[in-house]
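The values are calculated or read from the model by the stated rules, or taken from the named source; none is laboratory data. This structure is a prediction, so every number in the text was calculated from the model and none was measured. Glycine also receives a Cβ, built like all others from the backbone with ideal geometry; neighbour counts cover every protein chain displayed. When the accessible area is computed, the model is the full protein with side chains, heavy atoms only, and any ligands, DNA or RNA have been set aside. Shrake-Rupley method; radii C 1.70, N 1.55, O 1.52, S 1.80 Å.
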Amino acid sequence: MRRITFFGATGSIGQSALDLVARDLDHYDVVALTGGRNVAQLAKDARALNADLAVTCYPECYAELKDLLADTNVEVAAGGEAIVEAASRPVDWALSAIVGAAGLVPGLEALAHGTTLALANKESLVTAGPLLLGRAKAHGATVLPVDSEHSAVFQALVGEHMAAVERVIITASGGAFRDWPIEKLATATLAEASSHPNWDMGQRITIDSASMFNKAMELIETKEFFGVPPEMIEVLVHRESLIHALVGFNDGALMAHVGPPDMRHAIGYALHWPERQHLPVERLDLGKIGQLTFEAPDQARYPALGIAKDVMATGGLSGAVFNAAKEQALDGFIAGDIGFLDMSTVVAKTLEKMSSGDGLQSQAITLDSVLETDRLARIYAAEAMKNLG
Ligand code: NDP
Ligand code: MG
């Protein structure tokens, strides 16, 4: 029996992961499930999977969750500290699928206990990559990528030497507005930005796909996870979302990972790694699909990509500023306070403001410095939103 825990169990990634595990319950001992406001789902899954513990991050949701699980043996807890406590419980494998920087501390805690961490929460790598990977190394823990592009790169690298890698290409669908005239982007509404042409995902990452902030995050994620220099990482627009990434080697070969746009593939790969096991995903019929298309990204349409390049060049704590400002700007767009294109303006202004002096590059990346940088970046981003005019 493998002991497993799911952080962000009620979300899009969490639910896909639970779907895989629920098909094969004889092999798993579910230790903890964590969620947020969706306590009905959390209670339902904790009951069905016979979890030891169910945690909501919101203390105000505790009573409802407790009530829903009153007739079971599932222990119930609430709040950020309870999630960290859940992360300290010994397991063999944990899924990090909380959305946002809130995923960082539980991930660090799990790694400190030697847990193999399947990482969907890209924000923790963008915010504090060296801290997270350093923690894993110090405790002999493994971090496995779940983001589809990074899982694809990881799979293309099996049996290869990093010294032979010349470039890493991650693909992007182009998001909801790939065919819109650029002039129209400023008027994009929340509903329009919340639908993705190929993937079914949580709302925040779907909007980030429309703005390409998701791909911007993934550029930084690639640099941090694989330790490749920024100039070796490229983005390629590939509308069909079937090739997730390509790795270019020094003999001219390009190894492409092709798979259906179903996150259960990448989650399942991380769940069964280092083996492959049968997964209930679509088998692609390339003869029917007929053709795959590729385009270089239009930098003017996607300013987030340029910002990510600057962040990679600066390094240090700039990833923490970038992520926090992006989260704050996204909150502003979702609340209707700022427009679609204002998001990149807010992130760029926050980075500019916090880059004066040499603080971002020279300060050590510790949990304290990261959390303080995150806090300040949110304040500056809120100011930048007010001053948009
Ligand atoms: P969702 O919004 O669907 O789910 C997020 C999960 O986190 C939910 O369980 C939610 O609880 C919980 N949550 C929200 N806020 C907090 C908080 N402050 N503290 C603790 N838990 C919280 O997101 P996704 O599943 O789409 O994404 C999860 C992560 O995976 C993100 O980092 C995303 O970038 C990444 N990812 C997602 C992909 C996808 O296909 N969806 C693909 C690649 C990466 P509740 O819903 O109950 O409130
Ligand atoms: Mg991705």
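Structure data summary
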{"item": "Shape call, segment 223-280: gyration tensor on alpha carbons, a/c limit 1.5", "result": "prolate"}
{"item": "Sparse-neighbour loop sites [trypsin sites (Lys or Arg not before Pro); segment 20-74; at most 13 other C-beta within 10 Å; DSSP]", "result": "23"}
{"item": "Solvent-accessible area, 1.4 Å probe, carbon plus sulfur percent, for segment 315-386", "result": "51"}
{"item": "Relative frequency of Cα-Cα separations exceeding 21 Å in segment 150-289, percent", "result": "48"}
{"item": "Loop sites in segment 244-300: GluC sites (Glu not before Pro), DSSP, at most 16 other Cβ within 10 Å", "result": "275, 282"}
{"item": "Accessible area of segment 96-206 belonging to carbon and sulfur atoms, whole % at 1.4 Å probe", "result": "53"}
{"item": "Candidate residues 27, 278: accessible-area rank, largest first, probe 1.4 Å", "result": "278, 27"}
{"item": "Lys/Arg +1, Asp/Glu -1 at C-beta; segment 259-389 dipole; positive extreme among 365, 328, 339", "result": "339"}
{"item": "Relative contact order of the chain, pairs being alpha-carbon contacts under 8 Å that are 6 or more residues apart, as %", "result": "14"}
{"item": "Spacing of the two label points (7 Å from each Cα toward its C-beta) at residue 189 and residue 47, in nm", "result": "3.8"}
{"item": "Within segment 281-335, trypsin sites (Lys or Arg not before Pro) in DSSP loop having at most 15 other beta-carbon neighbours inside 10 Å", "result": "283"}
{"item": "Accessible-area value, residue 133, 1.4 Å probe, nucleic acids and ligands omitted, Å²", "result": "50"}
{"item": "Choice from 55, 347, 258 showing the highest fluctuation, given a GNM over the chain with Cα pairs closer than 10 Å", "result": "258"}
{"item": "Over segment 2-145, volume per residue of the alpha carbon convex hull, in Å³", "result": "88"}
{"item": "Dipole magnitude of the chain about its Cα centre (Cβ charges: Lys, Arg +1; Asp, Glu -1), debye to nearest 20", "result": "140"}
{"item": "Exposure of residue 327 as accessible area (Å², to 10), given a probe of 1.4 Å and all protein chains", "result": "20"}
{"item": "1.4 Å probe accessible area per residue over segment 315-386, in Å²", "result": "43"}
{"item": "Theoretical ellipticity at 222 nm over the chain - DSSP helices of four or more residues, -39500 (n - 2.57) apiece, nearest 500", "result": "-13500 deg cm²/dmol"}
{"item": "Accessible area expressed per residue, segment 150-289, with surrounding protein chains retained (probe 1.4 Å, Å²)", "result": "44"}
{"item": "Spherically averaged projected area of segment 209-249 from its Cα convex hull (nm²)", "result": "3.3"}
{"item": "Cα gyration tensor, the chain - rounded (a/c under 1.5), prolate or oblate", "result": "rounded"}
{"item": "Heavy-atom SASA rank of 154, 294, 249 (probe 1.4 Å, accessible area, largest first)", "result": "294, 154, 249"}
{"item": "Calculated FRET value between residue 142 and residue 386, using beta carbons and R₀ = 56 Å, to 0.05", "result": "0.80"}
